[in-house]
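> Shown below is the structure under consideration.
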Amino acid sequence: MSISITAASNANPVVFTCALGVTTGQQVYLSGFTGNWAPCNGAWSAVYSASGFSIPIDSTNFGALAGSPVASIALIQPNPLIDLTTVTLVQDYLRIKSDIENDLIQTCITAVSVEWIWRTGRGPEGYVPTNSPFVSPVFYDEFYDGNGSVRQFIRNWPIVSVQALLVNGQSISAASGWGSVGWMIDQSKKSLVILSGVPQRTLGRAPWGSGFTEGVQNVEVQYTAGFSRVPQDVVEKCTKMVAVNYRRTKWLDLASETMGSQGVTGTTSYRAWEIPPDVAKVISNYSRDLWV
């Protein structure tokens, strides 16, 4: 449902008077602006204000409000904890000017962003993730089968910090440096190592036995892992993956299509791959080296 915008400030950011009932962070669609106000048309992340909402546009020199502007709330809202790209980036990639299908694009974005977690073997094991380690660091509490080694690869990387490490129920403290006893995060930030404080050949007599002692679900790691922001190559390839899925909605379940005009015929064939090879390559780059 669209609600009329009855007034707008000449300020940075612009504040609209509108009874839409927007909360901060919601995506809104604006249309009907003309003249100097035309840049306000489109999809925006709104910020609540007492009179309505604001968007990040400087309208200081726009003059009097022009057009018959209206606002509506997107039915499908972005998920800032999961999404790896935005509707605007996908629109730019596809050179789409209309906001009519933004809800469909947003649905594709969140679905593809979750798929990236599954395909790279990240996130929580056994249930649908609510946070993406590609977006920001996430806390995990996980159990592993001890491998009898001094090194344990962890499900999510890069490891940012470790809150607790227990082997056979025994808490292990952090090492203060090389030659001390305890755990440390490997330089690759993909694994933990247990230092014995003695040469490795005598590790069996070290206080922690043989590192991550062999066993079933006997290693518990509470840790935080993930990126501080979405890596740029992930943004670009996720945007392409969403664009491909969106375009496929136009030819669902078609392998090819024959068309003719004025005695000339031609066949349009569609790609059969599940995801483009260049996207698959980047997914592989961020996938775990070892499944644990």
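The values are calculated or read from the model by the stated rules, or taken from the named source; none is laboratory data. Just so you know, these numbers come straight off a predicted model, no measurement behind them. Positions of Cβ are backbone-derived with ideal geometry, glycine not excepted, and every protein chain shown enters the neighbour counts.
> Report, by residue number, each residue of the stretch 54-78 that is touching a Pro at 6+ places or on another chain (Cβ under 7 Å) and of a type in the set (A, V, I, L, M, F, W, C).
I55, I57
> Could you figure out which of (1) of a type in the set (F, W, Y); (2) surrounded by fewer than 17 Cβ atoms within 10 Å (Cβ to Cβ); (3) within 22 Å of S284 (Cβ to Cβ); (4) at pLDDT 95 or above isn't true of F143?
(3)
> Go through the stretch 171-188 residue by residue and tally those that are without any contact (Cβ under 8 Å) to a residue 24 or more places away in the chain and either part of a strand (DSSP E or B) or more than 30 Å from D233 (Cβ to Cβ) (or both). Before the answer, list the steps.
Filtering the stretch 171-188 down to residues without any contact (Cβ under 8 Å) to a residue 24 or more places away in the chain leaves 171, 173-180, 182-184, 187.
Still in the list and also either part of a strand (DSSP E or B) or more than 30 Å from D233 (Cβ to Cβ) (or both): 171, 173-180, 182-184.
So the count comes out to 12.
Residues checked against (1) buried (at least 18 other Cβ atoms within 10 Å of the Cβ); (2) under 14 Å from V235 (Cβ atoms); (3) among the aliphatic types (A, V, I, L, M); (4) in the same structural domain as V28 (by TED's automatic domain parsing):
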residue: I100; (1), (2), (3), (4): no, no, yes, no
residue: Q106; (1), (2), (3), (4): yes, no, no, no
residue: Y127; (1), (2), (3), (4): no, no, no, no
residue: T130; (1), (2), (3), (4): no, no, no, no
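> In the stretch 24-55, what count of residues is obtained for those that are of a type in the set (A, V, I, L, M, F, W, C) and without any contact (Cβ under 8 Å) to a residue 40 or more places away in the chain? Spell out how you get there, then give the answer.
We begin by selecting, within the stretch 24-55, every residue of a type in the set (A, V, I, L, M, F, W, C); these are 28, 30, 33, 37-38, 40, 43-44, 46-47, 50, 53, 55.
Those left that are additionally without any contact (Cβ under 8 Å) to a residue 40 or more places away in the chain: 33, 37-38, 40, 44, 46-47, 50, 53.
Within the stretch 24-55, residues that are of a type in the set (A, V, I, L, M, F, W, C) and without any contact (Cβ under 8 Å) to a residue 40 or more places away in the chain number 9.
> Right, next: Scan the stretch 42-51 residue by residue and report those that are among the polar types (S, T, N, Q) and assigned to a strand (DSSP E or B).
Keep residues of the stretch 42-51 that are among the polar types (S, T, N, Q), which gives 45, 49, 51.
Across the stretch 42-51, the qualifying residue is only S45.
> Any idea which of S68, S54 is within 26 Å of V135 (Cβ to Cβ) and not in a loop (DSSP other than H, G, I, E, B)? Quick ask: steps written out before the conclusion?
Values: S68 fails: within 26 Å of V135 (Cβ to Cβ).
None of the other options fit; the residue is S54.
> Can you find, within the stretch 212-226, the residue that is surrounded by the most Cβ atoms within 10 Å (Cβ to Cβ) among those that are among the hydroxyl-bearing types (S, T, Y) and modelled with pLDDT of 95 or more? Don't jump to the end; show me each part of the working.
Taking the stretch 212-226 and keeping what is among the hydroxyl-bearing types (S, T, Y), we get 213, 223-224.
Adding the requirement that they be modelled with pLDDT of 95 or more leaves 223-224.
Working: Y223: 23, T224: 16.
Among those that are among the hydroxyl-bearing types (S, T, Y) and modelled with pLDDT of 95 or more, it is Y223.
> Oh, and also: Working only within the stretch 227-269, note down all residues that are surrounded by 12 or more Cβ atoms within 10 Å (Cβ to Cβ), modelled with pLDDT under 85 and not hydrophobic (A, V, I, L, M, F, W, C).
R248
> Of the numbered conditions (1) surrounded by fewer than 18 Cβ atoms within 10 Å (Cβ to Cβ); (2) over 23 Å from the mean Cα position of the chain (by Cα); (3) at pLDDT below 85, G209 satisfies every one except a single condition; which is it?
Of everything listed in (1) surrounded by fewer than 18 Cβ atoms within 10 Å (Cβ to Cβ); (2) over 23 Å from the mean Cα position of the chain (by Cα); (3) at pLDDT below 85, G209 misses just condition (1).
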